[in-house]
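Reviewing the structure listed below.
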Amino acid sequence: MKTVLKAENLRAFYVLQVAGRKKVIQAVNGVNLDIQEDQVYGIAGESGCGKTTLLKVLFAKADPPLQIFEGAVYYRENDSLLNAIELDSEQMRKLRWTYISYIPQGSMSVFNPVKKIKSTFLDFLQSHVQNRVKKELLALAEEHLRKLGLYPRLLDAYPHQLSGGMRQRVSIALATLLSPRVILADEPTTALDVVAQRAVLQLLQEIQKQLKNTIVLVTHDMGIHANIATHMVIMYAGKIVEEASTEEMFTNPFHPYTRYLINSLPRIGDKRVRESAPGNPPSLVDPPPGCAFHPRCPEATELCSSKQPDFVEVSAGHKVACWLYGGANHGTFT
Ligand SMILES: Nc1ncnc2c1ncn2[C@@H]1O[C@H](COP(=O)(O)OP(=O)(O)O)[C@@H](O)[C@H]1O
Ligand SMILES: [Mg+2]
């Protein structure tokens, strides 16, 4: 297995001026990831936990007010790792869409509403593929759509003529034209109905199978992770709090936050009262001290409110940042 994307101690904050005072939102606060090739790598967590910000930083695209304060993001080139944050714009231009692609949330905005889909595909190909005439580029686009099970004649449509689900699939096709090794997809199924969701997920899985690449899938929907992620992490208040294979995460969740997310999933015919975690993720301007989840955690002790737990490997490949499973409290869980 090879690492295709790695984050080391990433810290990225939004720095705002509010009424003459500096306000810092600690959206990504010390994230480490080691993402391998040939995976659907899920990033889960409620809204406001920093998932979208993390994807932007992984794409090495931090526009103000977002600033990267610390850490590195590595892409693989042959046998070495390049720190994307240190690359100049020309080096980055070469890697974007060929090595790493980003499908932003609400990706409808990728298409120009007054132009046919074809023109977006052509613009994209013209800026990345040299020495080909328009007709050849169009043939490439058609061939790509066909390979993904989409009709080439979609290229002749205007964005508004497609359903939300179809537009999303076409935007995924666009982001995968140049066979990237890594695809970052932000909530690709949110706002779609169940049938359209299924079609989008099938398309992502098909692409992953064809390219044997890695899809980093961000969604707050644990049901989707259960369905298609092979490996996953849970994010809370700008930090990764648990990591495991998807199967392990769902059969043996450690962190009380992960258990809460899994327990919130609807199950047909099950009317039991669920373990609850009242409230919402905290403000990232002034996150709670210690473990940021402690104010909502049914198992929190005094230690949890004062000291941050380390991220420790509790069993093979299964890591968690929780005092129930490490540090001074090690061994107290049953
Ligand atoms: N452009 C922005 N300017 C200022 N704050 C932002 C911006 N985008 C996101 N945030 C804040 O950063 C935090 C993390 O947001 P985000 O990364 O969008 O989380 P998620 O994708 O998990 O919902 C939130 O507190 C959010 O309000
Ligand atoms: Mg988001």
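Brief remarks follow.
- Residue among L148, L203, L16 with the largest mean-square fluctuation in a Gaussian network model of the chain, springs linking Cα atoms under 10 Å: L16
- Here the gap between Y158 and L211, fully extended at 0.36 nm per residue and compared with their Cα-Cα distance, gives a gain of 16.3 nm.
- One quarter of the surface of the convex hull around the alpha-carbon atoms of the range 1-90 equals 7.1 nm², the direction-averaged projected area.
- When all protein chains stay in place and ligands, DNA and RNA are ignored, the 1.4 Å accessible-area order of E299, E86, largest first, is E86, E299.
- Gain in span if fully extended, R146 to N280, counting 0.36 nm per residue against the direct Cα distance: 43.9 nm
- Exposure of D221 as accessible area (Å², to 10), given a probe of 1.4 Å and all protein chains: 50
- Amide N proximity, the range 160-176 versus S119 label position 7 Å along Cα-to-Cβ, cut-off under 14 Å: 160
- Average silhouette area of the range 192-251, convex hull of alpha-carbon atoms, in square nanometres: 4.7
- With an a/c value of 1.5 or above and a/b larger than b/c for the gyration tensor axes a ≥ b ≥ c computed over the alpha-carbon atoms, the range 29-157 is described as prolate.
- Highest GNM mean-square fluctuation among P65, P282, P266, for the chain modelled with Cα contacts below 10 Å: P266.
- Coarse-grained scattering of the chain at q = 0.15 Å⁻¹, given as base-10 log I(q)/I(0) from a Debye sum over alpha-carbon atoms: -1.31
- For the range 134-259, the spherically averaged projection of the C-alpha convex hull amounts to 9.0 nm².
- Remark: C-alpha extents of the range 191-334 on the principal axes read 48, 35, 35 Å, sorted largest to smallest.
- Here the gap between N9 and L303, fully extended at 0.36 nm per residue and compared with their Cα-Cα distance, gives a gain of 103.5 nm.
- Based on protein heavy atoms only, the chain ends up with 49 Å² per residue of surface accessible to a 1.4 Å probe.
- The chain: most fluctuating residue of G45, G165, G279 per GNM, C-alpha cutoff 10 Å: G279
- Simple spin-label estimate for T251 and N78 in nanometres, 7 Å along Cα-Cβ: 4.2
- Euclidean distance between Cα centres, the range 61-93 to the range 20-55, Å: 15
- Modelled this way, with points 7 Å down the Cα-to-C-beta line, the labels at V133 and Q91 are 3.8 nm from one another.
- Per-residue [θ]222 nm for the chain (sum of -39500 (n - 2.57) over DSSP H runs n ≥ 4, rounded to 500): -8500 deg cm²/dmol
- P(r) tail fraction, the range 61-128 - alpha-carbon pairs more than 18 Å apart, %: 54
- The angle between the Cα long axis of helix 117-128 and the longest principal axis of the Cα atoms of the chain comes to about 80 degrees, rounded to the nearest 10.
- Percent accessible area from carbon and sulfur atoms, the chain, protein chains only, probe 1.4 Å: 51
- Helix axis angle, 194-211 relative to the chain longest principal axis, alpha carbon, degrees: 80
The values are calculated or read from the model by the stated rules, or taken from the named source; none is laboratory data. From a predicted model like this one, the values you see are computed outputs, not experimental measurements. Ideal geometry is used to build each Cβ from the backbone, glycine not excepted, and the neighbour counts take in all protein chains shown. Only protein heavy atoms, including side chains, enter the accessible area calculation; ligands, DNA and RNA are left aside. Shrake-Rupley method; radii C 1.70, N 1.55, O 1.52, S 1.80 Å.
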